[in-house]
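S.K.: Take a look at the following structure, please.
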Amino acid sequence: MKLLWLLACAGDEPAPAVEVPPSPAPSDAALPDVVLIVVDTLRHDALGFMGAVRPTSPELDAFAAESAWFSRAYSASTWTLPSMTTILTGQGPWDHRVVHSAVNRDDYGQLDPDIPTTATTMKARGYRTAAFINNAFLAPAFGLNQGFDVYDYEGAGLVDHRTAASTVDAALAWLGSSEEPAFLLVHVMEPHADYQPGEHAKGRFTEGLPRSREVPLGDATIDGMIVSRITPPAPDQAYIHAAYHEEVLTVDQAMGTLLHGLRARPGWDQARVAFTSDHGEEFWEYGEYEHGHTTYSVVTGVPLVLKGPEVAKGPNRSVVSLIDLHAWLVDGAGDLARLASGVEEMGRIAVMEDTLYTQQQASAVSDTRRYVAFLETKEERFFGLADDGDEVVKLSDPGAPEVARLRDALVAVRGTEPTQVADSLAVPDADTFDQLRALGYLQE
């Protein structure tokens, strides 16, 4: 039985930091640009090539057509900070432990400076490095700025945040300032709630829909739906989901601008570009709204598109984890490189964990089943999956062979105890506190 990753790291202790030496290169000219694009809160089925019910993503659909893309990719967590830490380190939350404290709910982890990141590795190899970031959970105090020459961070509230278009303009301006090889991270905040789509997208999917409210919904409404678990009537649910899709369309236009700029850059044929999300979004499919409540596929299922010189164009149904993205970014290597070259491998398993609003959960998913462990109460749940990975049937037989295989995989990767936060950090400053509270993550 083959697991995806980290079987050698079973248990609850974090893996030791490993110093990554620079890779030899004949010249700077031989180094390809490496670009990581992360769209906050973009669930796997919100894009056309992933089966969206609305025309949300013509630009990204075209990009996927010239790239390898995975229909069963999973984030390592249900919210931004641990998920982004995993993407940039190649370690699961159970190892880097940049999670929400299960003991003091006001405390969060911060990244150990001894853990190599994509940026620190690329900088050591001669790259110039920059990140353009828009989520308060990515504030420099949390440690993900390590290795970036430029860490252009702007926090975000529900409505007040730097737009995807402005973020892309800033990123392209930096990229175009030199032809030296670059590692660039572009993170955009839309389609995270609240919803305020751009003018070209506003009303495209919501016009004519019955509803009792309008977007932007406002702090009180969002807080009520997330924290107080107020469930709006079905017409309002449909309207809110349609407004989310309008924000996806807004992002798609900005991504078209970004991809056009990348294609114009010398060496595009050799560049490695990854497009993904930190997590998805729940629209009451399982009784909750937003993210951070559950590890189900609507929250942990994400798009993953890889463009590079050795990828095979088209879809791949293999179950993959964003844990493996770091190795592909820094070396074009690892499981993702092998699968993106055209190998499709059934029987793989992905593991994810951590929540914001409930007790910690850990979960393992395969082609046909999902296993969920509630780490404090020790409750277990089992689900059958549809072809797109969504949970459709709650199962009752804990002895089924596939359930046992998932349970064994989860235990081998991370054990059964809650992950303890590393280097506990209270929310670092008043501005970040206000932004996280505006986003619904803090209730004080």
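S.K.: So, F183, is that one surrounded by 17 or more Cβ atoms within 10 Å (Cβ to Cβ), closer than 27 Å to E282 by Cα and at pLDDT 95 or above or not?
M.R.: No; evaluated as a whole, the condition is false for this residue.
S.K.: Another question, then. Let me confirm something: among R263, R272, which residue is under 30 Å from R128 (Cβ atoms) and without any contact (Cβ under 8 Å) to a residue 24 or more places away in the chain?
M.R.: The match here is R263.
S.K.: Out of everything in the stretch 124-146 that is of a type outside the set (A, V, I, L, M, F, W, C) and part of a loop (DSSP other than H, G, I, E, B), what residue ends up being surrounded by the fewest Cβ atoms within 10 Å (Cβ to Cβ)?
M.R.: Filtering the stretch 124-146 for residues that are of a type outside the set (A, V, I, L, M, F, W, C) and part of a loop (DSSP other than H, G, I, E, B), the one surrounded by the fewest Cβ atoms within 10 Å (Cβ to Cβ) comes out as G126.
S.K.: Hey, can you tell me all the residues within the stretch 319-357 that are surrounded by fewer than 22 Cβ atoms within 10 Å (Cβ to Cβ) and polar (S, T, N, Q)?
M.R.: Result: S341, single match.
S.K.: What are the pairs, 6+ residues apart or on separate chains, where a residue within the stretch 409-434 that is surrounded by fewer than 16 Cβ atoms within 10 Å (Cβ to Cβ) has its Cβ under 7 Å from a residue that is acidic (D, E) and at pLDDT 90 or above?
M.R.: D423/D112
S.K.: Cβ-Cβ distance below 9 Å, separation of 6 or more or different chains: which pairs start in the stretch 301-320 with a residue that is under 22 Å from A364 (Cα atoms) and in contact (Cβ under 8 Å) with a residue 12 or more places away in the chain and end on one that is basic (K, R) and outside any loop (DSSP other than H, G, I, E, B)?
M.R.: G301/R72; N316/R72; R317/R72; S318/R72; V319/R72; V320/R72
S.K.: Checking V168 against (1) crowded, with 16+ Cβ neighbours inside 10 Å; (2) in a loop (DSSP other than H, G, I, E, B); (3) of a type in the set (V, I, T), only one condition comes out false. Which one?
M.R.: (2)
S.K.: Check the stretch 336-346 and report whether any residue there is of a type in the set (K, R) and more than 19 Å from the chain's Cα centre (by Cα).
M.R.: Yes - at least one qualifying residue is present in the stretch 336-346.
S.K.: Would you pick out the residues in the stretch 258-272 that are part of a helix (DSSP H, G or I) and of a type in the set (D, E, K, R)?
M.R.: Within the stretch 258-272, R263, D269 meet the criteria.
S.K.: Tell me yes or no: at least one residue of the stretch 107-118 is outside any loop (DSSP other than H, G, I, E, B), in contact with a helix residue (DSSP H, G or I) (Cβ under 9 Å, 6 or more places away or on another chain) and modelled with pLDDT of 95 or more.
M.R.: Yes: the stretch 107-118 contains one or more residues that are outside any loop (DSSP other than H, G, I, E, B), in contact with a helix residue (DSSP H, G or I) (Cβ under 9 Å, 6 or more places away or on another chain) and modelled with pLDDT of 95 or more.
S.K.: If I filter the stretch 235-242 for residues that are small (G, A, S), buried (at least 16 other Cβ atoms within 10 Å of the Cβ), at pLDDT 95 or above and not in a helix (DSSP H, G or I), do I get at least one hit?
M.R.: Within the stretch 235-242 (the criterion being small (G, A, S), buried (at least 16 other Cβ atoms within 10 Å of the Cβ), at pLDDT 95 or above and not in a helix (DSSP H, G or I)), the answer is no, since none of the residues qualifies.
Per-residue answers, yes or no, for (1) under 24 Å from H161 (Cα atoms); (2) in a helix (DSSP H, G or I); (3) modelled with pLDDT of 95 or more:
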{"position": "G208", "(1), (2), (3)": "no, no, yes"}
{"position": "P216", "(1), (2), (3)": "yes, no, no"}
{"position": "G224", "(1), (2), (3)": "yes, yes, no"}
{"position": "I230", "(1), (2), (3)": "no, no, no"}
{"position": "G256", "(1), (2), (3)": "yes, yes, yes"}
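S.K.: Is it true that A364 is without any contact (Cβ under 8 Å) to a residue 60 or more places away in the chain and either buried (at least 22 other Cβ atoms within 10 Å of the Cβ) or of a type in the set (F, W, Y) (or both)?
M.R.: So A364 fits the description; yes.
S.K.: Identify all residues within the stretch 281-297 that are more than 15 Å from Q361 (Cβ to Cβ) and within 17 Å of the chain's Cα centre (by Cα); write none if there are none.
M.R.: Correct list: E281, E290.
S.K.: Find all pairs meeting these conditions: Cβ atoms under 9 angstrom apart; at least six residues apart or on different chains; first residue within the stretch 129-141 and without any contact (Cβ under 8 Å) to a residue 24 or more places away in the chain and under 25 Å from S177 (Cα atoms); second residue among the small types (G, A, S) and buried (at least 24 other Cβ atoms within 10 Å of the Cβ).
M.R.: Filtered contacts from the stretch 129-141: no entries.
S.K.: Still on this structure: Looking only at the stretch 186-210, filter to residues that are in contact with a Phe, Trp or Tyr (Cβ under 7 Å, 6 or more places away or on another chain) and in contact (Cβ under 8 Å) with a residue 40 or more places away in the chain; which one of those is farthest from V150 (Cα to Cα)?
M.R.: Only one residue tops the list, namely T206.
S.K.: Take the stretch 275-297 and flag every residue that is crowded, with 24+ Cβ neighbours inside 10 Å and of a type in the set (A, V, I, L, M, F, W, C).
M.R.: If the condition is that a residue be crowded, with 24+ Cβ neighbours inside 10 Å and of a type in the set (A, V, I, L, M, F, W, C), then F275 is the only one that fits.
S.K.: Next question. Quick check on my filter: what residues within the stretch 336-347 are touching a strand residue (DSSP E or B) at 6+ places or on another chain (Cβ under 7 Å) and assigned to a helix (DSSP H, G or I)?
M.R.: L336, L339, A340
Here is a yes/no grid of residues against (1) over 24 Å from T118 (Cα atoms); (2) basic (K, R); (3) free of Cβ contacts under 8 Å to residues at least 12 places away in the same chain:
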{"position": "R229", "(1), (2), (3)": "yes, yes, no"}
{"position": "D236", "(1), (2), (3)": "yes, no, no"}
{"position": "Y244", "(1), (2), (3)": "yes, no, no"}
{"position": "E247", "(1), (2), (3)": "yes, no, no"}
{"position": "T276", "(1), (2), (3)": "no, no, no"}
{"position": "T295", "(1), (2), (3)": "yes, no, no"}
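S.K.: Scanning for something among the acidic types (D, E), surrounded by fewer than 22 Cβ atoms within 10 Å (Cβ to Cβ) and either under 21 Å from S297 (Cβ atoms) or free of Cβ contacts under 8 Å to residues at least 24 places away in the same chain (or both), does the stretch 45-53 turn up at least one residue?
M.R.: Within the stretch 45-53, one or more residues are among the acidic types (D, E), surrounded by fewer than 22 Cβ atoms within 10 Å (Cβ to Cβ) and either under 21 Å from S297 (Cβ atoms) or free of Cβ contacts under 8 Å to residues at least 24 places away in the same chain (or both).
The values are calculated or read from the model by the stated rules, or taken from the named source; none is laboratory data. Here the structure is a predicted model, which is why all the values come from computation and not from measurement. Cβ: placed from backbone, ideal geometry, glycine included. Neighbour counts: every protein chain shown.
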